[in-house]
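The values are calculated or read from the model by the stated rules, or taken from the named source; none is laboratory data. Computed from a predicted structure; not experimentally measured. FYI the Cβ positions are ideal-geometry reconstructions off the backbone, even for glycines, and counts take in every protein chain you see. Accessible surface is based on the protein model in full, side chains and every heavy atom, while ligands, DNA and RNA are left aside. Shrake-Rupley method; radii C 1.70, N 1.55, O 1.52, S 1.80 Å.
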Amino acid sequence: DAGVIQSPRHEVTEMGQEVTLRCKPISGHDYLFWYRQTMMRGLELLIYFNNNVPIDDSGMPEDRFSAKMPNASFSTLKIQPSEPRDSAVYFCASSPSPDRNYGYTFGSGTRLTVV
Amino acid sequence: KQEVTQIPAALSVPEGENLVLNCSFTDSAIYNLQWFRQDPGKGLTSLLLIQSSQREQTSGRLNASLDKSSGRSTLYIAASQPGDSATYLCAVRPLDSSYKLIFGSGTRLLVRP
């Protein structure tokens with residue numbers, strides 16, 4: 001298995017532009033998570049999906065952030081408009097079933113820089 | 001509110017030394033605890049997962065222990081190597097209905113040749 005695949009690896013954009021981050025979870029994993037990592041706040045959960053349905057989006061910082069999972073093999077995290085304080089590393093993770101005490105597999109992350 | 005603390009924040013040791021990384025959490029109501037490794041500019045690699053009913057898990061030179069009642073976990077690395085240099089993060093999954101992981105801020109390890 002290729003693991004959790006995220007794209008792009010790096011993104012540099014100007015303030016005000018729309019940014020879309022992409023994630024392909026491991027096949028058969030029913031849960032998908034989006035995390036953000038910053039120096040100040042560490043790793044924080046933004047949103048997670050179960051069987052393509054958003055379950056908890058309480059970590060999404062503002063209405064500028066939105067996430068979708070149109071099918072079991074693809075998810076997007078969109079920021080519109082982007083701001084410099086959104087600069088961070090965004091990770092996607094998937095899990096087969098947290099209820100069974102399985103762990104989480106993380107992607108390599110997307111490093112976003114908003115200038 | 002669950003809080004996870006890792007001490008020390010940074011550690012530098014000579015190659016070959018055995019070392020212990022510490023993780024503490026404030027609420028013992030957890031499903032499991034997971035240790036990750038993060039290399040600079042890279043993603044997180046899962047090292048060990050300890051279920052709440054378990055006391056320890058081992059993988060190669062790594063051994064993780066869990067004392068749920070006292071809210072502590074340790075990651076023991078035997079015979080450290082320069083390739084072990086990375087940031088080590090622990091994360092707990094609370095027992096509540098949420099599936100979010102609560103992460104510590106990590107211990108940055110440097111193993112000197």
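Taking the range A:73-115 on its own, how many of its residues are touching a residue at least 24 places away in the same chain (Cβ under 8 Å), within 14 Å of chain B (Cβ to nearest Cβ) and in a loop (DSSP other than H, G, I, E, B)? The total comes to 6. Of all residues in the range A:7-27, which are open to solvent by less than 60 Å² (accessible area, probe 1.4 Å) and in contact (Cβ under 8 Å) with a residue 60 or more places away in the chain? If the condition is that a residue be open to solvent by less than 60 Å² (accessible area, probe 1.4 Å) and in contact (Cβ under 8 Å) with a residue 60 or more places away in the chain, then A:7, A:8, A:11, A:13, A:16, A:19, A:21, A:23, A:25, A:26 are the ones that fit.
May I ask you to list the residues in the range A:76-115 that are of a type in the set (Val, Ile, Thr) and either open to solvent by less than 30 Å² (accessible area, probe 1.4 Å) or out of contact with any His (no Cβ under 9 Å at 6 or more places or on another chain) (or both)?
A:76, A:79, A:89, A:110, A:114, A:115
Mind listing whichever residues of the range B:68-83 are open to solvent by 10 Å² or more (accessible area, probe 1.4 Å) and more than 22 Å from residue B:28 (Cβ to Cβ)? The answer is B:78, B:79, B:81, B:82, B:83.
Going by the structure shown, is residue B:105 part of a loop (DSSP other than H, G, I, E, B), of a type outside the set (D, E, K, R) and out of contact with any strand residue (DSSP E or B) (no Cβ under 7 Å at 6 or more places or on another chain)? Against the criterion (part of a loop (DSSP other than H, G, I, E, B), of a type outside the set (D, E, K, R) and out of contact with any strand residue (DSSP E or B) (no Cβ under 7 Å at 6 or more places or on another chain)), residue B:105 does not qualify. In the range B:37-54, the residue that is nearest to the other protein chains (Cβ to nearest Cβ) out of those that are open to solvent by less than 40 Å² (accessible area, probe 1.4 Å) and closer than 13 Å to residue B:93 by Cβ is B:49. Screening residue A:64 on (1) open to solvent by 60 Å² or more (accessible area, probe 1.4 Å); (2) away from chain B (no Cβ under 14 Å); (3) of a type in the set (D, E, K, R) shows it passes everything except condition (1).
Kindly indicate whether residue A:55 is outside any loop (DSSP other than H, G, I, E, B), closer than 19 Å to residue B:102 by Cα and touching a residue at least 12 places away in the same chain (Cβ under 8 Å). When the stated conditions are applied, residue A:55 does not pass them. Kindly indicate whether residue B:89 is in a strand (DSSP E or B), within 11 Å of another protein chain (Cβ to nearest Cβ) and out of contact with any Leu (no Cβ under 6 Å at 6 or more places or on another chain). Taking the combined requirement at face value, the residue satisfies it.
For the structure I just gave you, tell me whether residue A:70 is within 14 Å of another protein chain (Cβ to nearest Cβ), open to solvent by 60 Å² or more (accessible area, probe 1.4 Å), assigned to a strand (DSSP E or B) and of a type outside the set (A, V, I, L, M, F, W, C). Judged against the criteria, residue A:70 is not a match.
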